[in-house]
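A short worksheet on the structure shown next.
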Amino acid sequence: MTSKIWGGRFQSATDAILEAINVSIDFDKRLGPQDVRGSLAHVAMLAETGIISAEDAAAITRGLEQIRGEIEEGRFTFSRALEDIHMNVESRLAELIGPAAGRLHTARSRNDQVATDFRLYVRDAIDDIDAQLADLQLALAEKALEEAGSVMPGFTHLQSAQPVTFGHHLLAYVEMLARDRGRFADARARLNESPLGAAALAGTSFPIDREKTAKALGFARPTANSLDSVSDRDFVLETLSAMAISATHLSRFAEEIVLWTTSQFAFVALSDKFTTGSSIMPQKRNPDAAELVRGKTGRIIGALQAMLVVMKGLPLAYSKDMQEDKEGTFDALDNFALCVAAMAGMIRDMSVDRPRMRKAAGAGYATATDLADWLVRALNLPFREAHHVTGRIVGIAAERSVGLEKLPLETMQEVEPRITEDVFSVLGVEKSVKSRVSYGGTAPENVRKQARRWLKHLAKK
């Protein structure tokens, strides 16, 4: 007869290959603290409802508290022969208190147990993520306030478009991260229901109090359907999805840092803290931290894809396929946290070459739209006509290799005779950015106002 805890009807040992593919303790040992928390809530409820005696509950509670300490201090011995975290904890409990340990599993299954443990773990992870993202927002908002008036080229198609300020550019990522935090908050709100007590799939005949265990574990309520309780992994999918979107935002910014630190751009520089050298080229300073953020985004997106594939064909309720929900999620959470920390570090470390950015902002006739807008306001031209006139003036300036602000008034008047000296009031990159005063625009005063608003908001968190 097999010695497995679940092996009552089995007459022989499992094959070594099944042992190898079935074991999960190598990764689900991470759920140890959550497993103990869930068990403490469960045993308290069992005692209160009279399902087990107060004496057995007290012994179980003492044993679980000792196990919690062993896990926290790194003294707990995890055994692969016991398959998973649940059996490891229960086995250790039996060593500590004897047969009473067997009463802990009354009115529950490993199916609802793992669903509860994993929800607790993901909920804790989301709380940590939110704090990290808020810190990254803070770093960006602080830098944005410093650079509110620093002119840089804005790009579309990675071609110079219109001048913006560096602070305005940074605040764009603050807004993205705010949406990311909202997605994580939404995922947290939906996952905050307790599956504990759903048992294997059908509930239990014992008079349990699921409201009590849900409250003890900080859940808003118990889940309402036992089948859904043990088969649901939407909370993993939603968290991975929010992570994938946020990692994509980080990757976009990382790509910009890679570009900006090249000698061709040279808009910003990173210190030795966030760069590495070359084994053969002594002059190199490589933005490896940014490149790795960009690269790790792929494995985070991959974790979401893998989880979707695992779940897409599963009938209700629990299937062992769902054991594959953890490794990718743990890996994604670890790497996402590292990426957010790296981005915050690079922002705070970054030095900005304002003259270089300002010079680049004036290249490519970036104030052409300002000229077209002036023609509309001052001469009452339809915008499409103003666009055409401006294009002809830009063509002349390009032939002479001068900026629009350097083109003589008489030359512009050859294209449109009504142009006056006042046109020079809108030409030049500083004048351009100062004029963008519409809500959400790049005018330095707008940027300062938005940066201060974010700093005030983040200080309250």
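Of all residues assigned to the range 52-62, at least one qualifies as being surrounded by fewer than 19 Cβ atoms within 10 Å (Cβ to Cβ), under 40 Å from the mean Cα position of the chain (by Cα) and modelled with pLDDT of 95 or more.
A Cβ distance below 9 Å, combined with a sequence gap of six or more or placement on separate chains, defines the contacts here; from the range 127-151, residues that are farther than 21 Å from H168 by Cβ reach residues that are among the hydroxyl-bearing types (S, T, Y) in the pairs I129/T239; I129/S246.
The residues of the range 154-184 that are surrounded by fewer than 23 Cβ atoms within 10 Å (Cβ to Cβ) and farther than 28 Å from A244 by Cβ, listed by number, are Q159, S160, A161, Q162. Screening the range 301-394 for helices (runs of 4 or more DSSP H) wholly inside it with 1 or more residues that are assigned by the TED database to the domain that holds L136, among the hydroxyl-bearing types (S, T, Y) and open to solvent by less than 10 Å² (accessible area, probe 1.4 Å) returns the ranges 327-349.
If you go through the range 414-426 and pick out every residue that is modelled with pLDDT of 90 or more and either closer than 30 Å to Y173 by Cβ or open to solvent by 60 Å² or more (accessible area, probe 1.4 Å) (or both), you end up with 6. Cβ-Cβ distances below 9 Å connect no pair with a first residue in the range 161-178 that is free of Cβ contacts under 8 Å to residues at least 24 places away in the same chain and assigned to a helix (DSSP H, G or I), a second residue that is among the β-branched types (V, I, T) and surrounded by fewer than 21 Cβ atoms within 10 Å (Cβ to Cβ), and a separation of six or more residues or different chains.
The values are calculated or read from the model by the stated rules, or taken from the named source; none is laboratory data. What you see is a predicted model, and the numbers here were worked out from it, not measured in a lab. No Cβ is skipped: glycine too gets one built from the backbone with ideal geometry, and neighbour counts run over all protein chains shown. Each accessible area value is taken on the protein alone, full model and side chains, heavy atoms only, with ligands, DNA and RNA left out. Shrake-Rupley method; radii C 1.70, N 1.55, O 1.52, S 1.80 Å.
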